[in-house]
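One structure is given below, encoded as structure tokens.
Read-outs throughout are calculated quantities, based only on the coordinates presented, and are distinct from any laboratory measurement. Not measured: the values here are computed from a predicted model. Cβ coordinates were reconstructed from backbone atoms using ideal geometry, including for glycine residues, and neighbour counts include every protein chain displayed.
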Amino acid sequence: MSSYISLLKTPGVARIIAAQLTARFPSGMLSLAYLLHIQSIFHSYGAAGLVLATTSVGQAIAGPLTSRWMGVWGMRRVLSLTLVVCATAIFTIAFLPMTIPLYMVVGFIGGLSTPPVQPAVRTIYPKIVNSRQLTPLFSLDASAQEIIWVAGPVITTFVAVQVSTVAAVALAGIFLLCGGLWFILSPEVGRVRIPRSKRAFGSVLARPAVLLSTITGFLLVGACAAIEAGVVATFGRTGPQAGIILAIWALGSLVGGLALGHIPIGPWALARRMFFVFVGMALAMAFLNFWWLAFALLVAGVGIAPALAVIFAIVSSSVKFSDTAEAYGWVGTGQLIGAALGSALAGFLIDGNGAIGGFWAAASFAFLGFLAPTVLRNWHPDLRGRDASPIADTEPVPVQPS
């Protein structure tokens, strides 16, 4: 813990972590809020899954683009524009009754305009800490973001049950506006300038570590999205059980991230962490009762934050600083496509087979998520004895002939 305490004492670190967590807090609320809201209107998990899928597809398309734009127009301009559009879409879904296709269109627009806070902050981190602190900072960040998944589902479920699903969706929009403004106005956002990339758009995916991270993140988040749908389908929306189980799951991830954050990252690191995720999700299929699911998802959660920390570190160490935002944008795109497919597949399996269908989908995604870094371990850089700082951008220096 001493390394984490030292990190938080570094000027700007605690502030930027708190601001970006608040700005991203809707990530832990919106999928569940949309699921409950659309299901309560149309009484169909399949319809809710379609809205979640189009929202995630919009986010997936926007991720690399808006991240790259920050190197062209600056972080604050891109973040401000996307914040306004995204908040408008969220409030539209909350307050305007529409048909399923219109909900899907508005969800897509909201996803397309999601502020690229995560790529921005991942790009800022190497500029506010030294190279020795960077890997622990990625671990601390991956662990701290589990606060989103601990508190978000509980708050969303409580508000949806005690007040209304409309209030649950609107509250997520309020968090987005307040947190987004705090992050945009943070001094670190104004001080760090992302250089304009000289590489063609998408070429960063040629880096094996970036592609491995994108594939594994896609499968990891697909499993998580399916589990969330399965838990909600198991307990419904008449009580707090679903939110509590999802919070326990996220608490396991928080503990795992803090406990494993100091371990050096070798070529098997990602596969080992994904193995925990798979085992927990496979166990969850055995019994759909509260205490068993709480135990199984606690096991699964132990691997999630550590896996994300490894993904962040191997991407950072494999690309130039000017390409880091776009690289994280592609990783985010993989995760969001996974969320879209995981939600949609789980929704239809739940409609056809009951709540167990969501757990079938989750375990399948998690197994492939363990298999990918195992088979592709040669793409995984060995960071033992190395730091995770991005590769420096260099340019030819003109020399005046004598």
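Within straight-line reach of residue 320, meaning a Cα separation under 17 Å, sit the following lysines at least 8 residues removed in sequence or on another chain: 127, 198.
Can you tell me what percent of all Cα-Cα pairs in the chain are more than 35 Å apart? Looking at the chain, the distances longer than 35 Å represent 21 percent of pairs. Measuring r between the beta carbons of residue 100 and residue 167 and using R0 = 25 Å, the FRET efficiency lands at 0.70. Quick check: the distance between the Cα centres of region 37-64 and region 107-129, to the nearest angstrom? The distance from the Cα centre of region 37-64 to that of region 107-129 comes to 21 Å. Only Cα sites of region 96-196 enter the Debye sum here, all with the same form factor; the resulting log10 I(q)/I(0) across q = 0.19, 0.24 1/Å is -1.13, -1.37, listed in q order.
Considering helices alone, the calculated mean residue ellipticity of the chain at 222 nm is -25500 deg cm²/dmol, with DSSP H runs of length four and up weighted by -39500 (n - 2.57) and normalised per residue.
For region 1-119, the square roots a ≥ b ≥ c of the C-alpha gyration tensor eigenvalues yield an a/c of 1.5 or more together with a/b exceeding b/c, which makes the shape prolate.
Could you identify which residue out of 360, 379, 291 has the top mean-square fluctuation in a GNM of the chain using Cα springs shorter than 10 Å? Largest GNM mean-square fluctuation: 291.
For the chain, averaging the sequence separation of C-alpha pairs within contact (under 8 Å, six or more residues apart) and dividing by the residue count gives a relative contact order of 27 percent. Distance between the modelled labels on residue 40 and residue 65, one decimal in nanometres: 3.3 nm (7 Å Cα→Cβ projection).
Of all the options 119, 373, 240, the one that moves most in a Gaussian network model of the chain with Cα springs shorter than 10 angstrom is 240.
Using C-alpha pairs below 8 Å separated by at least 6 residues, the relative contact order for region 1-100 is 14 percent. Under a 10 Å cutoff between Cα atoms, tell me which one of 334, 46, 352 has the largest fluctuation in the Gaussian network model of the chain. Maximum among the listed residues: 352. Full extension of the chain between residue 77 and residue 5 gives 22.6 nm of extra length, using 0.36 nm per residue less the Cα-Cα distance.
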